[in-house]
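See below for the structure under consideration.
The values are calculated or read from the model by the stated rules, or taken from the named source; none is laboratory data. Owing to the predicted nature of the structure, the values given are computational and were not obtained by experimental measurement. Every residue, glycine as well, gets a Cβ built from its backbone with ideal geometry; the counts of neighbours run over all protein chains shown. The area values use the complete protein model at the heavy-atom level, side chains included, leaving out ligands, DNA and RNA. Shrake-Rupley method; radii C 1.70, N 1.55, O 1.52, S 1.80 Å.
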Amino acid sequence: MELDRESPLGPQPCCRDSASQKMHYYRYSNAKVSCWYKYLLFSYNIIFWLAGVVFLGVGLWAWSEKGVLSDLTKVTRMHGIDPVVLVLMVGVVMFTLGFAGCVGALRENICLLNFFCGTIVLIFFLELAVAVLAFLFQDWVRDRFREFFESNIKSYRDDIDLQNLIDSLQKANQCCGAYGPEDWDLNVYFNCSGASYSREKCGVPFSCCVPDPALKSKWDESIFTKGCIQALESWLPRNIYIVAGVFIAISLLQIFGIFLARTLISDIEAVKAGHHF
């Protein structure tokens, strides 16, 4: 008699492989994304996004009033700078950062959050670098500002926004021209040359005039004779604490935004790492 038969299923091993008996344990992490940081960052960025929308709206409206939207070459024809361009640039930056921060926070998108955080860091260090360089190279900054102011004096009558900006600067600081009233000879309408037929020939803008309407014989009693560069240089030491306070406030807001973004990124990465096993 055959004592040993093979199983219908084939030879059976006397023992099982220990690896096949191992149990898989899934690791669950307690890490979670903080709703506090998430919605605080969203609120932080929604303000930037709305402000960007306002700046863009104002800029586009100003361009439409001046007919620039129908003929963009009007911007390139100016010798100076159109202030609306600065408004639009600020609007684009604020709109983009606010949008990236809002969507990144709500969707927990690390790419958008890194873009927002990296851009804020870049802007912060650019501001810091400009402040340090402006302090170290004051003569160079003064020369560049003089060239910038003189180029815009030439375009004073070419753009209403530029005209309003220069008038506001001269009235607020009680100054005239870059270094004095003579700088207005650079403008074709105020130039004293015989070829000019302008009614404003040999004059200066009304914003250079002393508020007292009574005309006197002495020039320095009728108009402001101090240049705007000297006026700004004397204004800064008197208001250094205000300037420093504004700079610190902006820096703290930027640092707070960076902190919120980095904290949220860390939470998201911790949650993603907890799902791996």
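Below are the figures for this structure:
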{"quantity": "Added length on full extension, which subtracts the Cα-Cα distance from 0.36 nm per residue, Leu40 to Arg262", "calculated": "78.6 nm"}
{"quantity": "Label-point separation in nm, Lys32 to Asp139, each point 7 Å along Cα→Cβ", "calculated": "6.4 nm"}
{"quantity": "Rg in Å to one decimal, and Dmax rounded to a whole Å, for segment 83-162 via C-alpha atoms", "calculated": "17.9, 51"}
{"quantity": "Tail beyond 17 Å, pair distance distribution of segment 122-190 (Cα, percent)", "calculated": "52 percent"}
{"quantity": "Euclidean distance of C-alpha centroids, segment 82-100 and segment 150-199, integer Å", "calculated": "28 Å"}
{"quantity": "Residues of segment 108-142 with amide N under 18 Å of a point placed 7 Å along Cα→Cβ from Thr96", "calculated": "111-127"}
{"quantity": "³J(HN,Hα) computed for each position of segment 255-261 - Karplus, 6.51 cos²θ - 1.76 cosθ + 1.60, integer Hz, glycine/proline x", "calculated": "5, 5, x, 5, 4, 4, 5"}
{"quantity": "Amide H within-cut-off set for Ile223, under 5 Å, with H built and near neighbours excluded", "calculated": "Val210"}
{"quantity": "Rounded percent of accessible protein surface that carbon and sulfur make up, segment 29-179, 1.4 Å probe", "calculated": "70 percent"}
{"quantity": "Rg over Rh, two decimals, segment 104-147 (C-alpha only, Kirkwood Rh)", "calculated": "1.33"}
{"quantity": "Heavy-atom accessible area ranking, 1.4 Å probe, most first, across Asp143, Asp82", "calculated": "Asp143, Asp82"}
{"quantity": "Heavy-atom surface of segment 91-161, accessible at 1.4 Å and reported per residue (Å²)", "calculated": "58 Å²"}
{"quantity": "In range of the label at Ala51: residues from segment 83-112 whose backbone nitrogen is under 13 Å from the point 7 Å along Cα→Cβ", "calculated": "90-99"}
